[in-house]
Amino acid sequence: MKKILVIQTAFIGDVILATAVVEQLHRNFPEASLDFLLRKGNESLFDNHPFLNEVIVWEKKRRKYRNLLKVLRSIRHRKYDLVINLQRFVTTGIVTVCSGAKQTVGFEKNPFSFLFSEKLPHVIGTNANPVHEAERNLSLIEKWTDHSFVRPRLYPAAEDFNKTNPPEKFITVSPASVWYTKQWPAEKWIDFMNRVGEDITIFLLGSRSDVPLCKKIKFNTRHSNITSLAGHLSFLESAALMQRALMNYVNDSAPLHLASAVNAPVTAVYCSTVPAFGFTPLSDVSHVVETRLALDCRPCGLHGRNDCPKGHFKCAEIEPEQLLEKLS
């Protein structure tokens, strides 16, 4: 196996979880040339990555299909031995089928999977039989590797660690999520941070779009030692900071996986979604926090929603003490 392509053009968290496949492939084919296809905006995750030969970027927001054709021509030119498609959607199925690779593999839910060399079921876990997303991804390459579990991993460089000069005792809070029902409400985060000791610095993390939320939280909390770094750090700079924290508090969202990929301590808050779906933290020190209420409406779907279908959002009724106890 000389040339291998991994395809994951979804969002940040999905790309981070896909790095488990990169780790496993490198372990089994250390001399192989590994490439990764992702959407524009996520490429900085792989700055200075030691195992990737090339990161192929697809611009999906502008001229999506014209850019797809350019990407496809580039992929065909590379003549891959193996293409691994981690997605279940039409466009990546087209890329996989038209790649010209000697072997292709993906999930059978992909509309074009009937044309793949290999296809496997995409199994969503249950409370009785949880299956992590990293396990699902790794199942696609077991034919060529082995059955061992490998954690996702990112590689912050020295300059990423040097971006900030944090104190000895600090935590990070990533309060945002793309989906309303996956985001612990701002007033809950404020209540929690008001209870954190003043000797502990709090850093708020997030993207540029999260700046207003972080400003609101900082303005309304009584804690005197809070700094918002939302919009100021890259993915790897955030990961480097998280690795040194006493604890990192996140929703069921991308920062959860960022922490896992550098084995940073993490406490994940789950509102409408549940850990059994397979997106739990993988760090050595990791915790899951959920409502103590017995709700027959939870989970209300595999992904988050823009609003609560029942109108009460009771799955967000999680006490600040449930988070604080993870800090002790």
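None of the figures in this text is laboratory data; all of them are computed from the coordinates on show. Just so you know, these numbers come straight off a predicted model, no measurement behind them. For neighbour counting, all protein chains shown are included, and Cβ atoms are generated from backbone atoms with ideal geometry for every residue, glycine included.
Details
- Out-of-range pairs (alpha-carbon distance over 25 Å; input LYS40/LYS79; LYS64/LYS215; LYS143/LYS182; LYS188/LYS310; LYS3/LYS70; LYS169/LYS215): LYS64/LYS215; LYS143/LYS182
- Backbone HN-Hα couplings from phi across region 286-299 [Karplus 6.51/-1.76/1.60, Hz, Gly and Pro as x]: 8, 9, 10, 10, 9, 5, 8, 6, 8, 10, 6, 9, 10, x
- Counted charge near THR291, where neighbours are those whose Cβ lies closer than 12 Å (Asp, Glu -1; Lys, Arg +1): +1
- Region 67-134 versus region 139-156: alpha-carbon centroid distance in Å: 16
- GNM remark for the chain: springs join alpha carbons under 10 Å apart, and the peak mean-square fluctuation among ARG208, ARG63, ARG244 falls on ARG63.
- Under 12 Å, Cβ to Cβ, from SER99 - net charge with Lys/Arg +1 and Asp/Glu -1: +4
- Label corresponding to Rg and Dmax of the Cα atoms in Å when calculated from the structure given, among [x] 18.7, 58; [y] 20.3, 60; [z] 24.3, 86: [y]
- Nonlocal amide H pairs with SER228, under 5 Å, H built at 1.01 Å: LEU204
- Phi angles across region 247-260 convert, under the Karplus curve 6.51 cos²θ - 1.76 cosθ + 1.60 with θ = phi - 60°, into 3J(HN,Hα) values of 7, 10, 9, 9, 8, 6, 7, 3, x, 4, 6, 4, 5, 4 Hz, Gly and Pro given as x.
- Net charge of neighbours whose Cβ lies under 10 Å from the Cβ of GLY13, counting Lys and Arg as +1 and Asp and Glu as -1: -3
- Difference of contour (0.36 nm per residue) and Cα-Cα distance, LYS314 to GLU54: 89.1 nm
- Alpha carbon centroid spacing (whole Å) that separates region 157-191 from region 209-245: 5
- Applying the Karplus relation 6.51 cos²θ - 1.76 cosθ + 1.60 with θ = phi - 60° to region 230-239 yields 3J(HN,Hα) values of 4, x, 10, 10, 6, 4, 6, 5, 5, 4 Hz, where x marks Gly and Pro.
- The sum of -39500 (n - 2.57) across all DSSP H runs of n ≥ 4, divided by the residue count of the chain, sets its helix-only mean residue ellipticity at 222 nm to -8000 deg cm²/dmol.
- Taking amide H as placed 1.01 Å from N in the peptide plane, THR267 has its amide H under 5 Å from the amide H of ASN248, TYR249, VAL250, HIS287, each at least 5 places away in sequence or on another chain.
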